1. Taking springs between alpha-carbon atoms closer than 10 angstrom, which of B:Pro36, B:Pro168, B:Pro123 fluctuates most in the Gaussian network model of chain B?
2. Just in region B:140-238: which GluC sites (Glu not before Pro) are loop by DSSP and have at most 11 other Cβ atoms within 10 Å?
3. If each residue of separation counts as 0.36 nm, what is the full-extension length gain between A:Lys30 and A:Asp396 once their alpha-carbon separation is subtracted?
4. If you build a Gaussian network model of chain B, linking Cα atoms that sit under 10 Å apart, which residue out of B:Ile243, B:Ile113, B:Ile91 swings the most?
5. Would you mind counting up the charge near A:Arg402? Only other residues with Cβ under 15 Å from its Cβ, with Lys and Arg at +1 and Asp and Glu at -1.
6. Looking at region B:1-63, I'd like the Rg to Rh ratio, where Rg is from alpha-carbon atoms and Rh is Kirkwood's inverse mean 1/r.
7. Give the separation of the Cα centroids, region A:371-408 to region A:606-633, in Å.
8. Helix-only estimate, please: 222 nm mean residue ellipticity of chain A, summing -39500 (n - 2.57) across DSSP H runs of length 4 or more and dividing by its residues, to the nearest 500.
Amino acid sequence: MGVEGIGASVVRKEDRRFITGKGRYVDDIKLVGLTHAHFVRSPHAHARVKGVDTSAAMKMPGVVGVLTGQQIVDDKVGNLICGWAITSKDGTGMKMGAWPAMAPETVRFVGQAVAVVIAETKNQAKDAAEAVVVTYEELPAAADIRAAIKPGAPQLHPEAPGNVIYDWTIGEEAATDAAFKAAANVVSLDITNNRLVPNAMEPRAAIGEYNEAEEHFTLYTTSQNPHVARLVLSAFYNIAPEHKLRVIAPDVGGGFGSKIFIYPEEMVALWASKKVGRPVKWTGDRSEAFLTDAHGRDHLTKAELALDANNKITGLRVKTYANLGAYMSLFSSSVPTYLYATLLSGQYNIPNIFAEVISVYTNTTPVDAYRGAGRPEASFVVERLLETAARQLKVDPAELRRKNFITQFPHQTPVIMAYDIGDFGASLDAAMKAIDYAGFPTRKAKAKSEGKLRGIGLSCYIEACGIAPSKAVGSLGAGVGLWESAEIRVNPVGTIEVLTGSHSHGQGHETTFCQLIAERLGVPISQVQIVHGDTDKVQFGMGTYGSRSLAVGGTAIIKAMEKVEAKAKKIAAHALEASENDIVIENGEFKVTGTDKSIALPMVALAAYTAHNLPDGMEPGLKETAFYDPTNFTFPAGAYICELEVDPGTGKTSFVNFVAADDFGRLINPMIVEGQVHGGLAQGIGQALLEGAAYDSSGQLLTASFMDYAMPRADDLPSFQLNHTTTLCPGNPLGVKGCGEAGAIGASAAVINAITDAIGNNKLEMPATPDRVWHAIHG
Amino acid sequence: MYETTYHRPSSVDEAAKLFAQGSEAKYLAGGHTLIPVMKQRLASPSDVIDLGKLKELIGIEASGDTLTIKAATTYYDIMQSADVKKAIPAIAHLTSMLGDPAVRHRGTIGGSIANNDPAADFPAALVSLGATVKTNKRTIAADDFFKGLFTTALEDGEIITAVSFPVPAKAGYAKMRHPASRFALTGVFVTKTKAGDVRVAATGASQNGVMRVPAIEAALKANWSAGALDSVKISDSGLLADIHGSAAYRANLIKVMAQRAVTAAG
């Protein structure tokens, strides 16, 4: 309804403040008496802390306090938790080592905080941090999965012998083995899924503020989920009870998952504000972001595909080692298990799947959810296998996929997920048409005559979004429910505030959510304000991640709107002396259908608040709340095709074309959706070609700045051709599925499939740098 | 950043005097290396003496067979200069590929060669073209100027005032960009002098910074064409190796970039 309702590419409301520098981020916030924190961090990947001498630092100019790991332990601040319990195949729980917010005894990765200096200025805090003398006894380090699992490897935590956190399985092992025994063809692949650094544009930051008279804390923080932060800080870290802790996540400059977690720095800022009796601000710099923001991915996988004589897939067997870093971050355990192995069926009818996932500790930065979180890793395994199978069987990769597509819905996979709807053939058709797949051999031959190696690569991804039905995730070990809440306040003058538990840190909720209201009431979006990111304002919320905000948070808004409309119709019917069943809402007015009688929304709202003439027994006011718990995941899916050329002299890859055909269900704001896909594709292509966190064998991060960690730039990327095919999600009233992660999930396999096609050689790891591609070509 | 004293002298002489007075003074030009390392607290100069605004250090002159670029001239001004494009277009091309627009508006030729980053572009141009570095004290041949990683023939407090390039018969530059930093993973500058000599210099490749490549020089002297290099073998001994490029890969790049530079030179 209206020009600003569902399906309208409305310009983003929030961009005015962002592009004019009027955003308000944590570091912009100035409080009376503010002090500044700087952390003393370990230069070693693994060492015992023999002593921390703070005496010289305490005497430095401007120093307000120097606090150590021992003090935070003595004050009984809780160790960091992991919110998802995973059970190993032998029935034992996960083997979790202790992670204090600052290390009192042992440091296990470079950058781990040992002490914090609080001073009048940031520079004074840095000066004094240099005067803190930490005595270390260096220990041998295990810097990657292979080093951590070999016999005699350095032990990180006494709780986890052999550095194994859990050895978990999913699916039917015997049936899958039988499928491989009976197979006509077996395809096998060893895959490294490279470690990534999230690199949100805004580094993490926190301000802790303690009000002694009220015994009340406020935390300003760069969070994707402020209510979850408050819950965890209260229930597990003993900082303050929930009613004495307000968490505010104001404008946040990107997250990509890395700002889901509650980090040591936020805990320390809050705790320290009480210790020193002043507000404490910490703003991380880019170097700290590289060393301490939770990294993503980092798998070693052996994957096998069984096919019968008709090229029908009969089985999939996967063994994955996942690197979780030195400590278990908040949702780290779930990423390589329930967010990964449950998607291994891809878009295909695979009767037998068995996966084993072994998660290990290493002396590296903790690893957790990063855009896609487990699903890019799964999609990469499946789509690299399909492409490799097609080459091995000498059949067209599109045809092999089509032959094995799931076409009947709902479809129960052997790995928990029940796909509700989709049309995988339609997406593949759209992508093939957009790239002129049939014309590729001619283009390849022409490129060859010009000295270039041209390749084409497909990737048909599926993801599980709209996270998630609370009962289902609870049965799988999740420590929280994953519903969402919304409150709609119609003010006495008819303007509307929507309080949502979702958090926008780049997604454009302030526009998209307004469009939901505009659609239903026919009011302009300028009359609607989205309120989020403050636990004192918003009733509750589980936050934004896993492409859940529209499917879950948006549905909560719809549910609250239904209640508001029902009450408003009663008021309108009373005022118009009509039956409420005859009231319809059009263009901001409540009309008696079939007549010219109507009353405008502001008059209904005013009537609700003056309460001079309401139906008998009706409470005044026009404000409703809804909590919505989804009934299933949503399943966005699509087909990406990449065409590129490799320069055989340098190994450099140049894009010719990149087409996407996504099925996200109904699109609320197509422009915002395109932006999300562009960003996701950039990160997926970044993983494929450029990005890779590298440690040396002693555990030093080699890619600790943008001088060595290659972030994708505009000129590294092609001009994307986006298409949409649509099946409406039956699980929610909006029919939406989520679009935030798709690009990052589907793109990397398309790129690697295209390069390996171009060079005729499958031995290529990500990131496929020119150096690696050249070596793959020339041996 | 540690505290420092910032100076903006009005002449080269004053700058040198201020330098001598400071306990641990540093000259500042474009600031692309000095400022980041100061911000990371890896450098703590007592005094920072800004040469970037000195009028006597800015400008480009072309006369006869010589192109002179004063030391504090920015990359952007070099790239845009009609004199440069006419006399040695390869230098304009090199500069256009250097960093990004923000870098090109601040970075200077003097700052680049004084820092002598092993992956900087300009050292290759100076060595290949047989340029002369002029300072407030003397003139130094490019062959004698670059002394290894981040090391030059400059004495303490000495200020580069200009670089003079003999105008060649032909010159070309090609580089493979480092995927992250966009410095030269390997860049090669080729020159055919008016006297018929051939000089080839590679940057980003050697553990000792900018290097001459005699094997390529010999082949091009015999036959100035990209094809003449097909059978040339470049040893990977002494070449840099890191996560972005093995020594063998850089050896390959020396040859491939040289071929492309020759093609560009015409």
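The values are calculated or read from the model by the stated rules, or taken from the named source; none is laboratory data. No experiment lies behind these values; they were computed from the predicted model shown. When we count neighbours, we look across all protein chains shown, and the Cβ atoms used for this are built from the backbone with ideal geometry, even at glycine. Heavy atoms of the whole protein, side chains included, go into the accessibility calculation; ligands, DNA and RNA do not. Shrake-Rupley method; radii C 1.70, N 1.55, O 1.52, S 1.80 Å.
1. Among B:Pro36, B:Pro168, B:Pro123, the largest mean-square fluctuation in the Gaussian network model of chain B belongs to B:Pro36.
2. Loop-located and lightly packed - B:Glu155.
3. 125.7 nm
4. B:Ile243
5. Within the 15 Å Cβ shell, the charges total -2.
6. Here the Rg-to-Rh quotient is 1.04.
7. So the two Cα centres are separated by 49 Å.
8. Only helices count here, giving -8000 deg cm²/dmol.
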